[in-house]
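Please treat every number below as a calculation from the coordinates, not as lab data. These numbers were taken from a predicted model, which means no experiment stands behind them. Here the Cβ positions follow ideal geometry from the backbone for every residue, glycine too, while neighbour counts run over all protein chains shown.
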Amino acid sequence: MKDMKKFFLVVPIVTFLIPTMAKAQMTYQKDIRSVFEAKCSRCHGTGSPLVDEFKKEREKYTKVNKGPRMNSYTLLLEFVKGKDAGAIMRRLDDGKSKDDKKPGNMYLYLGKDVEERQKNLKIFKDWVGSWSLKRRADLSEEEIKKITAPQ
Ligand code: HEC
């Protein structure tokens, strides 16, 4: 009887902890870098301008398919929880939770088909921790703190 009680206590604790632990382990080095290199770096890599330069001539760079450079942890983080916080979330979102259902314009690059796009979107979501489509100015300090995106 006592063992049964223990069993019913331990099972829910373990099933609750496993997904939490798996989530906490997502890191830039282990999970994001390879996806970024495969899917994003041809337009956001070494051949692309840094964000300040990009913003000065947004149209010129956009025409030749160059977005701001994000090919390191520090550079990418600016678009997650820095100066351009939320940009990664707004651009990569699949639009499913939005009223207009419109995906962000970088969602398409996450994969060659829906399956791959959803898989990679999930990796980004788990890494970011708190997925909000708000702009920097509308994010509270509390909300920024919830964005984890570990190195
Ligand atoms: C074929 C080229 C191309 C690929 C591939 C691409 N992007 Fe982009 N991206 C651009 C261009 C050009 C812009 C700037 C124009 C715009 O804002 O849409 C941009 C803009 C962005 C922005 C907004 C930057 C800002 O101004 O705040 C983010 C965030 C972004 N991309 C993320 C990504 C991610 C993450 C990937 C990989 C999944 C990716 N992009 C793949 C070309 C690309």
Mean residue ellipticity (222 nm) of the chain, computed from DSSP H runs ≥ 4 via -39,500 (n - 2.57), nearest 500: -14500 deg cm²/dmol
Highest-MSF residue in the chain out of 110, 76, 139 [GNM, Cα springs under 10 Å]: 139
Angle between the chain longest axis and helix 2-24 axis [Cα atoms, degrees, rounded to 10]: 10 degrees
Where labels lie 7 Å past Cα in the beta-carbon direction, separation of residue 83 and residue 2 in nm: 6.4 nm
Gaussian network model of the chain, Cα within-10 Å springs - most flexible of 106, 26, 70: 106
Three-way shape call for segment 29-136 based on the alpha-carbon gyration tensor, with the a/c threshold at 1.5: rounded
Net charge dipole size for the chain [Lys, Arg +1 and Asp, Glu -1 on Cβ; Debye, nearest 20]: 80 debye
Rounded to the nearest 20 debye, dipole of segment 77-151 from Cβ charges on Lys, Arg, Asp, Glu: 60 debye
Label-point separation, residue 74 to residue 134 (7 Å along Cα→Cβ), nm: 2.8 nm
Between 0 and 90°, nearest 10: helix 114-128 axis offset from the chain longest Cα axis: 80 degrees
Relative contact order of segment 22-115, defined on C-alpha pairs under 8 angstrom at six or more residues apart (%): 20 percent
Per-residue ³J(HN,Hα) for segment 97-112, Karplus 6.51 cos²θ - 1.76 cosθ + 1.60, θ = phi - 60°, Hz, x for Gly and Pro: 8, 8, 4, 7, 6, 7, x, x, 6, 9, 4, 4, 6, 5, x, 7
Options 140, 121, 62, ranked by Cα towards positive dipole end of segment 22-151, top entry (Cβ charges): 62
Distance (nanometres) between label positions extended 7 Å along Cα→Cβ at residue 119 and residue 29: 2.5 nm
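What FRET efficiency comes out for residue 37 versus residue 62 if R0 is 22 angstrom and r is the Cβ-Cβ distance? Round to the nearest 0.05.
About 0.50, to the nearest 0.05.
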